[in-house]
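Accompanying notes for the structure given below.
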Amino acid sequence: MEKPFYNQSATEILKNLDSNQQTGLSTQVAQQRLDTNGPNQLNAAKSTTLWQKFIDQFKDLMIIILLVAALIAAFTGELTDAIFILAIVVINAIFGVFQEAKAEGAINALKEMSTPKANVIRAGRDTEISSTDLVVGDIVRLEAGDVVPADLRLLESASLQIEESALTGESVPVDKVAIQLDQDDLPLGDRTNLAFMNTNVTYGRGVGVVIATGMGTEVGHIAGALETTDETKTPLQENLKQLGRVLTYLILAIAALTFVVGMIRGQESLVDMLLTSISLAVAAIPEGLPAIVTITLALGTTRMAARHALVRKLPAVETLGSTDIIGSDKTGTLTQNKMTVEKIVIDGKIEDAANTANLSGSAQRLADIMALNNDTKRTDDGLIGDPTETALITFNENHQRDLDRLFAEMPRLNEIPFDSERKLMSTVHPAPEGYLVTTKGAPDELLARASQIEINGHIEPLDETMREKLLALNSDMARQALRVLAFAYQILPEEPQQMTSDTVEHDLVFIGFVGMIDPERPEVAQAVEAAKTAGIRPVMITGDHRDTAAAIAMRLGILDAKDLDQAVISGSDLDAMSDQEFDDQVTKYNVYARVAPEHKVKIVKAWQKRGKVVAMTGDGVNDAPALKTADIGIAMGITGTEVSKGAADMVLADDNFATIVNAVEEGRKVFSNIQKALQYLLASNLAEVVAIFVMTLLGWHILAPVMILWINLVTDTLPAIALGVEPAQPGIMQRKPRGRQASFLSGGVGPAIIWQGLLQAAIVLGVYGFALAFPDHSGSQLIHADALTMAFMTLGLMQMFNAINVKSVYGSLLGSHAFQNKFFNWSLLFSVLAMAAVVLIEPLNPIFHVSHLDAYQWAVVILAGMSIILIVELVKWIQRSLFNKG
């Protein structure tokens, strides 16, 4: 098997690629390879037209049922109902298309990231070409500020540092080398002799040979993964699909049974019974549900946008409410993606950087060296340079130091640039005492070249006891995941003539250490605690080092110190485990460190196999496949790449992890409100079905199709929509996640639908029977007309009054803020008036086959309709008392 590129020597690679470091490829060879392998670009994402998006909205089972119902209604002359159902379906489709049309393709975003130009050696000459024309074997020059145009094996490296956080999750730029690496199976972040497409050169320069282009690069592999990764069905989509299937079977069975019973009794004609059965089927379908779900989700997205969470796909709103696991990237998500000085060591003691308010003595000397030995550039857009060096300048600025004056008085005269082998950098500046040499670098390397130490402004010999103490302090800071830099200086009587390590970097005076870290966002720890209270488990999934990840996780409360040994796992550990082993052990781990993009997908899928609803956050290219695989992918809006945003379901406009917790609350409210609307609709529809079926069995006149359709039109729209905008119930964020297995009928909703539907049917039948037994008119036709009208009005009014009850499955009407929702109050009033109008306005009576009721009959109807409130309140009180429901 061929060795990986990082395990091969430069000579081997150039031979295998038939290239030459000095002359590069000839123009002819480069053109042949370009013709054979294609341009250095990523495949474009398959795009769908608006029309295709619109058609896709009709592939849901519930929508298909509604379309069939509309078709049947149209053929049987019920054009009003057919138009109403079609309007709901079309509006629902338009909402879905509008939301999806705003999304940008993840792979197209990857393509747009490609650098437009590359500096190459072709036919022995340096030339600039379009990056799309690069081929394997091209020799590419890199300088600070460049974007790496393809995957390269480095052949030369001079203080080269490349920022790879978007690809690997590494929080600081990586020192790159040109030497052969001997270790096998290195993670992406440890392949230090490779440079990857679309990463950024922050320091130094280098030369590399192209080893992969286009879809063959590491970024290309991610693009390929995005193409093959299936969209995960959200719990909402699964619940609606399951509900639609169950309703289909029930509706067909009920309609067929009603038709057969009616024909056996022989009291209605074949056409009348066919119309009644169809009307009953239409009555059983909650045709308003798709529109209500869509409107509720759309309103949820609006509220979430106001709280800085931008939703790209409507079902994602509800998915958040069922989330069990939040798998979060570290760099830029939990942390600020900005190195910050946290600890300093001066006078042989460790101190918090924030406590050094007044810099004087040794602390001032250390701050001077931090600023002078620094390549950071100031621009109108802020500080530009290596994140470690910008942190040193920021430290000075936070202490209100006049750096412009310092740089003017002590300009840089000469330097020895940083070198990854000696791990030091030195500069020379004029000083009152002579010439100041400043040196910074790795603690062990710098201490080996220091012979003295400054303590409290006095220079003393650096003895072995102090040296060991300083190394111990260095180790202590390293265990806290701090990146430690050491600083030293010396005063020379004259400017060095030769700037070499041997002539300058010796007999140094050690001044101090600086410990830096990419700090956690200040609001995240509280958000993590809130997530835990809500029963959600936050886990960290990062490409950063194990110690760094663990330290940040402990500071945030994601990881307990007692679990440090067993709750942290690395990507190499994952590779050593079989899929089954990992699936069995996934619950043990809270921190996944040094992971590659495929590991992130593996982690998400392992949790999903356990029935967990997984939200994944991230901001880098490397997060995109996992964002797409997760039940809900959450990208960072400010620091996030366009790739991560394109693959995500939701984008945090403020990059604030706490916004996720707010979004979870909104998601739980959305699900709860959809449940309320569903309970209301299905209980109402069950009442209609049972009432008509029993009337058919008893040989009574049954509700005409137009009556059923009018009740559905009046009751299934405004009150149901109003339930979708109910305020969140108290304590909603103290509940455990309902999980993937829960459905809209869980939590007592299913039983409530059944008993409340049967109760409504019983009351309607009771009113009908009462009207027959105690008629207010003589004549059989009038008696039946009045009885049917009273049953019709009772059924309609009672459904609307029951909308007040469904605001809580077990809670009391008095304790659930029944009339806090003004839209609900007005919707209820409008629907009651619309229902009563067909009886009160005499010209409408013949259209709806109703008679005009007197005051006595209206009193019976109103009392019967309102009785549902009293009875349901009594049942809820019994449930709370006997079964501790609440």
- In degrees from 0 to 90, rounded to the nearest 10, what is the angle of the helix 780-805 Cα long axis to the longest principal axis of the chain? 20 degrees
- Task: State which entries of Lys609/Lys822; Lys176/Lys612; Lys605/Lys669; Lys822/Lys876; Lys349/Lys562 exceed 32 angstrom in Cα-Cα distance in the structure shown.
- Result: Lys609/Lys822; Lys176/Lys612
- Using θ = phi - 60° and the Karplus curve 6.51 cos²θ - 1.76 cosθ + 1.60, what whole-Hz ³J(HN,Hα) does each residue of the range 827-838 get, with Gly and Pro shown as x? 5, 5, 4, 4, 5, 4, 5, 5, 5, 6, 4, 5
- For Ile455, residues with placed amide H under 5 Å, excluding near neighbours: Glu460
- Helix 524-533 axis, angle to the chain major axis (alpha carbon atoms, nearest 10°): 40 degrees
- State the Cα centre-to-centre distance between the range 666-718 and the range 138-203 in whole Å. 65 Å
- Item | Prolate/oblate/rounded call for the range 710-775, Cα gyration tensor, a/c under 1.5 rounded | prolate
- Among (1) 53.2, 175; (2) 34.8, 118; (3) 36.0, 126, the entry that matches Rg and Dmax of the Cα atoms in Å as calculated here: (3)
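Below 8 Å, C-alpha to C-alpha, sequence gap of six or more: please give me the relative contact order for the range 340-517 in percent.
Details: 321 pairs, mean separation 49.4, N = 178.
Relative contact order here is 28 percent.
If each residue's Cβ is checked for other Cβ atoms within 10 Å, how do Lys600, Lys876 rank with the fewest at the top?
The fewest-first ordering by Cβ neighbours comes to Lys876, Lys600.
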- Give me Leu247, Leu42 ranked fewest to most by other Cβ atoms within 10 Å of their Cβ, as a rough exposure proxy. Leu247, Leu42
- Note on the structure: Ranking Ala354, Gln32, Tyr589 by how far each Cα lies towards the positive end of the charge dipole of the chain (+1 on Lys and Arg Cβ, -1 on Asp and Glu Cβ), the top one is Tyr589
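Let's see if you can work this out: charge +1 on each Lys and Arg Cβ, -1 on each Asp and Glu Cβ, no other charges. What is the dipole magnitude of the chain about its Cα centre, in debye to the nearest 20?
Result for the chain is approximately 3380 debye, rounded to the nearest 20.
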- Mean residue ellipticity at 222 nm from the helices of the chain, using -39,500 (n - 2.57) per DSSP H segment of n ≥ 4 over the full residue count, to the nearest 500 deg cm²/dmol? -15500 deg cm²/dmol
- Message: Is there a quick way to get the dipole size of the range 340-517? I mean about its Cα centre, with the Cβ of Lys and Arg at +1 and of Asp and Glu at -1; what is the value in debye to the nearest 20?
- Response: 340 debye
- Note on the structure: Here the range 397-404 yields Karplus 3J(HN,Hα) values (6.51, -1.76, 1.60; θ = phi - 60°; whole Hz; Gly and Pro given as x) of 5, 5, 9, 6, 8, 7, 6, 4
- Task: Specify which residue in the list Ala178, Trp755, Thr376 is farthest towards the positive end of the charge dipole of the chain, using unit charges on the beta carbon of Lys, Arg (+1) and Asp, Glu (-1), about the Cα centre.
- Result: Trp755
- Message: Quick query: amide H of Ala309 versus all other amide H atoms, modeled in the peptide plane; which residues come in under 5 Å with a sequence gap of 5 or more or a different chain?
- Response: Ala653
- Work out how much length Ser451 to Arg479 would gain on full extension: take 0.36 nm times their residue separation and subtract the Cα-Cα distance, in nm to one decimal. 7.5 nm
- Message: Skipping prolines and chain starts, which residues have an amide H placed within reach, meaning under 5 Å, of the one on Ser19, given they are 5 or more residues away or on another chain?
- Response: none
- Query: If each residue's Cβ is checked for other Cβ atoms within 10 Å, how do Ser743, Ser131 rank with the fewest at the top?
  - Reply: Ser743, Ser131
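With Cβ to Cβ distances under 10 Å as the rule, what net charge do the other residues near Leu142 carry (K, R +1; D, E -1)? Intermediate values should be presented prior to the final figure.
Values: positive: Arg141, Lys176, Arg205; negative: Glu143, Asp146, Glu156.
Spelling it out: positives minus negatives among the neighbours equals 0.
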- Query: Going by a ≥ b ≥ c, the root eigenvalues of the Cα gyration tensor, does the range 340-517 fall in the rounded group (a/c under 1.5), the prolate group (a/b larger than b/c) or the oblate group?
  - Reply: rounded
- What is the sum of charges around Leu424, taking Lys and Arg as +1, Asp and Glu as -1, for the other residues whose C-beta is under 13 Å from the C-beta of Leu424? -4
- Relative contact order %, the chain, counting alpha carbon pairs below 8 Å whose residues are six or more apart: 13 percent
- Summing +1 per Lys or Arg and -1 per Asp or Glu among the other residues with Cβ less than 9 Å from Leu723's Cβ gives +1
- What longest region of the chain stays clear of GluC sites (Glu not before Pro) that DSSP places outside H, G, I, E and B and that have at most 15 other Cβ atoms within 10 Å? 524-886
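Values quoted throughout were computed directly from the atomic coordinates according to the rules given, and no laboratory measurement underlies them. Keep in mind it's a predicted model, so treat the numbers as computed, not measured. Virtual Cβ from ideal backbone geometry, glycine too; neighbours counted across all protein chains shown.
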